[in-house]
Structures are given as C-alpha cells and as structure tokens.
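The values are calculated or read from the model by the stated rules, or taken from the named source; none is laboratory data. Keep in mind the model is a prediction, meaning the values are calculated, not measured. With ideal geometry, Cβ positions are generated from the backbone for all residues, glycine too; neighbour counts draw on all protein chains shown. Surface accessibility is based on the protein's heavy atoms, side chains included, excluding ligands, DNA and RNA. Shrake-Rupley method; radii C 1.70, N 1.55, O 1.52, S 1.80 Å.
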Amino acid sequence: MALCSVFIDGKAALVPTGTTILQAAGAVSISIPTLCHHPNLPPIGVCRLCVVDVEVGDFHKQVAACHAEVQDGMTVRTATPELERARRFALELQVADHPSECLDGETGEPCELRELARRYGVTKQRFVGDEARYPLDESSPVMTIDLNRCILCRRCTRACSLVQGQDILWIMGRGDESRVSPALSLPLRDTACVSCGQCLAHCPTGAIRDKRPLRPPVRPEAVVTSVCPYCGCGCQLDLNVSGEQILRVTSNFDGPANRGSLCAKGRFGYHFVDSPDRLTRPRIRRDGRWEEASWDEALDLVATRLREIRERQGPDALAVLSSAKATNEENYLIQKFARAVLGTNNVDHCARL
Ligand code: SF4
Ligand code: SF4
Ligand code: FES
C-alpha cells in the first residue's frame, strides 16, 4: 500500500494514500472541528468548519480537511489565528437565522452547532437574519422534523440514501429557500420512510428528533451500551437512562453488527420496558380469569398439557412456533425439543410469517 508522509501541526504522520487530512490528523490525535462531517458517511464539505491550511510544493491554500486527501510531503496547519477567524465567520453565518432558544440551550436536546458556537464565543449579534419559521412535520409516528433548526449539513439525506438505501430526504429549493424535504414536499408519513431513524441519528442539531420530548430536568444520567432485545441480529445500541427509566435509544456507531443502524423497533420501541401492560410473571387462566403464577407452576402445567395432547391425539397434534427474539442457539434447541422430545416436525418461526 502506497503511503504518504505528512506533517500536521509539526507532528509527523505516515498514512495510506487516499486518507483525508481529517483522518490523518485523527491518527496523530489532533482534533479539527467539524459539522457536516460524520465518520459513517462520505464527506461532502459544505460547512467549512474543518478548514485547514495546507502547503505542498507551490500549492498553498485553505482546504476542507474532511474532504481533501493528504499528499506526500504535505504540511498542514489546523489552528492558526486566520483559520480560527474563518471558522468563527462560518459559525456566525450558521447561527444568524437559527432559533435563539436553540442556541441558548433551552431545548434540552444535544446540539453540535450550539457546542461549537459556545466554544468559539459566537452569538447572533454580528449578522442578524430572519429566524427561520417552518411548520413542524409531525406526521411521522416516531420523529419530528423541525427545519427551523436545520443547518443544511446534508447528513440526513446522505444517511437515508447511502446507509438506509431509502432516498426519502432531499434538498429542495435553491439558495435561501433550500430545505430538507421528501420529494414533492410530502409529509414524511406519505412517503416510503421506514422509520429507521438513520436521519435522526446523524442529525447534529436536533432538527430531526425523537417525538418523545427530552426536556430538563429529565436529562440522561448515564449512557449504557446494550444489545437490542427485538431479534437475534445483536445490534448494539445506547440506552440513555435516568435512574431506572430509559429516556431514549441512540445509535452506537461502534457496534460490530450494525455500525449505528437500527430498525424502527430497536430505536423507537423501548416503551414496553416500563409499560404497566408488560407481563413480568407467568399467568394461568383459571375459570376464565388470568391469575399470576410461579414459573414452576406454569412450566408444570405446560408439560402436563403437552403430554396429555400427545397421548390423546399423537405428536402431530402439537406444533412449536419459535421467535426471532431468541438466538440461533435457542432456536436450534427449540426445534430439537420439538423433534426429539415432542416427536413432531411441526416447527415454524415468526420470522417466516
Ligand atoms: S427514518 Fe429512515 S427511511 Fe425515513 S427518512 Fe429517515 S433515514 Fe430515511
Ligand atoms: S435535518 Fe439535520 S442532518 Fe438534515 S440537513 Fe438539517 S441539520 Fe443536517
Ligand atoms: S466538516 Fe468539513 S466541510 Fe463540514
């Protein structure tokens, strides 16, 4: 593999050809601010926050580190006063029409723009634009689209198209009127959106967010990495918890099975955990009424009834329906139980329904 030797803020880095300046800087522990960049997505270079100063041969220019690739012998500076001024300017333009309550942190939602604005001491004072006023799209059962907070970074459109393969979200309009929208400006509910939430997971500002509000003082006390309980794929996710309560599920982009992707159930279907309707103990119906029972009692009853049916009507009067929530090993055991213990080949699985 061809390698490039570069110097970044005086540190030497030897990286494969094709590495971006941002990746090379990361390899030598130099952090460059970004906004439209997401490591899960191909670069697009629209926010210019990651601007760096490069010199190679006669070439001396400011380029977007997320997009530009290293060249052998390149010298990169990432934090000169001029670059910091350019970043502050880009942020001032971004916040000019951004909702004030969002920048003041009153929304309770995390926001990368707000974090960067605070870091650079940027307020709305220098450029005052009309604050965007778009109606919310609340048509999705799980997400709100609030274009007032959108900074047109296009992470959502790239995630929908390139990660999920759905192509629901586009940039519509031109110039000042550019906005994220499904084709024909349809409400999200009227599109082929599968409610996977990849757009939400990649959105840096909360312009696309979970419908269940997360407002102060209910903020996550901890983020616990866990495995989705819905099927045997083993998708990793992060549970944002406060005490015993799950406030929200967020993507874990390091999960080896899913790299941050989740289906609608895994991302949004966590309310069953503390639902009052959730069954946490076995129940036995006696005289038409459901009564709580111990596991021993319930399992004894099931074993007795299975034996009775098999003796009376033969093993093929029984069938076993297994679950995608179980692991491969558990599904193997259940078919073994059906064939070797009950004596029937009547085995099926909910994933086939
Ligand atoms: S939820 Fe999934 S399918 Fe729907 S718009 Fe977002 S990324 Fe696209
Ligand atoms: S909705 Fe979010 S991810 Fe999409 S362009 Fe706007 S800010 Fe970026
Ligand atoms: S992060 Fe590089 S241009 Fe936006």
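A few comments on the model shown:
- In segment 93-112, the condition of being more than 14 Å from ligand 3 (Cβ to nearest atom), among the acidic types (Asp, Glu), under 30 Å from residue 259 (Cβ atoms) and at pLDDT below 95 is met by at least one residue.
- Pairing residues of segment 127-140 that are surrounded by fewer than 12 Cβ atoms within 10 Å (Cβ to Cβ) with residues that are not in a loop (DSSP other than H, G, I, E, B), at Cβ distances under 8 Å and at least 6 apart in sequence or on separate chains, gives 133/148; 136/144; 136/145.
- Yes/no for residue 95 being touching a Ser or Thr at 6+ places or on another chain (Cβ under 9 Å), under 30 Å from residue 269 (Cα atoms) and not assigned by TED's automatic domain parsing to the domain that holds residue 21: no
- The strands (runs of 3 or more DSSP E) falling completely within segment 133-212 that include 1 or more residues that are within 15 Å of ligand 2 (Cβ to nearest atom) and among the basic types (Lys, Arg) map to 179-182, 208-210.
- Search result, residues across segment 28-54 that are farther than 20 Å from residue 158 by Cβ and open to solvent by 70 Å² or more (accessible area, probe 1.4 Å): 29, 31
- Residues (acidic (Asp, Glu) and over 15 Å from residue 202 (Cα atoms)) located in segment 231-271: 244
- One residue from 273, 241 being hydrophobic (A, V, I, L, M, F, W, C), open to solvent by less than 80 Å² (accessible area, probe 1.4 Å), without any contact (Cβ under 8 Å) to a residue 60 or more places away in the chain and touching an Asp or Glu at 6+ places or on another chain (Cβ under 7 Å): 241
- Filter result for residue 209 (within 25 Å of residue 324 (Cα to Cα), surrounded by 16 or more Cβ atoms within 10 Å (Cβ to Cβ), in contact with a strand residue (DSSP E or B) (Cβ under 6 Å, 6 or more places away or on another chain) and in contact (Cβ under 8 Å) with a residue 12 or more places away in the chain): no
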